[in-house]
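Structure first, commentary second.
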Amino acid sequence: MADKWKHTALLVIDMQNDFVLEDGLMRVNGGKAIVPNVIRTVEIARQRGILVVWVVREHDYLGRDVELFRRHLYSRDKGGPTTKGSFGAELVDGLVIKEGDYKLVKTRFSAFFATHLHCFLQSNGVTNLVVVGVQTPNCIRQTVFDAVAHNYQSVTVIVDATAAATPDVHDGARMPFSLFST
């Protein structure tokens with residue numbers, strides 16, 4: 001059974017406290033509701049031998065590596081969202097990086113932009129991707145578009161394990177790719 005899935009990776013995107021918790025600095029309203037589905041998706045991926053890649057944002061305390069439009073959120077006094085080593089940058093409760101998983105740090109919407117993700121996936125024989133996490137119109141969509149541009153054979157978004165600020169934004173961001181529910 002594992003052979004069937006050996007060319008597939010699960011990308012779990014931005015399931016961090018600052019994006020999911022009620023008091024998160026960059027809270028995505030629908031984020032908390034999808035946590036059980038993300039946990040279930042990760043469990044199924046592990047059972048099938050699918051490589052789990054945890055894609056997280058971790059930023060410099062001063063925000064020097066963040067998009068220009070977000071730099072105002074960082075200061076010497078308090079840092080900012082998903083600052084490296086902060087509680088906000090940690091995965092939400094219930095999601096744990098385990099041996100055999102891989103953690104990738106990004107500083108932009110796409111998991112592919114200015115990272116080594118494509119090279120890592122290629123070197124592990126990955127040709128198919130499954131994507132879960134937040135936020136659908138930004139990090140999910142941009143990662144999916146870049147995966148298609150990199151010629152991954154199959155890119156699947158689990159719609160009930162992804163979320164946006166509102167259901168309308170989530171539904172409006174649906175892409176013309178494989179979409180499934182858990």
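The values are calculated or read from the model by the stated rules, or taken from the named source; none is laboratory data. None of the values given here were measured: they were computed from a predicted structure. Note: ideal-geometry Cβ built from the backbone for every residue, glycine included; neighbour counts use all protein chains shown. Accessible surface areas use protein heavy atoms only, side chains included; no ligands, DNA or RNA. Shrake-Rupley method; radii C 1.70, N 1.55, O 1.52, S 1.80 Å.
Summary of computed values
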item	result
Search result, residues across segment 53-87 that are among the charged types (D, E, K, R), closer than 30 Å to residue 42 by Cβ and open to solvent by 40 Å² or more (accessible area, probe 1.4 Å)	60, 65, 84
Candidate set from segment 105-125 (those that are polar (S, T, N, Q) and under 18 Å from residue 7 (Cβ atoms)); member that is least open to solvent (accessible area, probe 1.4 Å)	124
One residue from 18, 23, 14 being of a type in the set (D, E, K, R), open to solvent by less than 10 Å² (accessible area, probe 1.4 Å) and at pLDDT 95 or above	14
Test: residue in segment 85-95 that is of a type in the set (Val, Ile, Thr), touching a strand residue (DSSP E or B) at 6+ places or on another chain (Cβ under 6 Å) and either in contact (Cβ under 8 Å) with a residue 24 or more places away in the chain or more than 19 Å from residue 158 (Cα to Cα) (or both)	no
Qualifying residue in segment 161-171 (condition: farther than 17 Å from residue 14 by Cβ, crowded, with 17+ Cβ neighbours inside 10 Å and either free of Cβ contacts under 8 Å to residues at least 40 places away in the same chain or not aromatic (Phe, Trp, Tyr) (or both))	no
Enumeration of residues in segment 88-104 that are among the aliphatic types (A, V, I, L, M) and open to solvent by 60 Å² or more (accessible area, probe 1.4 Å)	96, 97
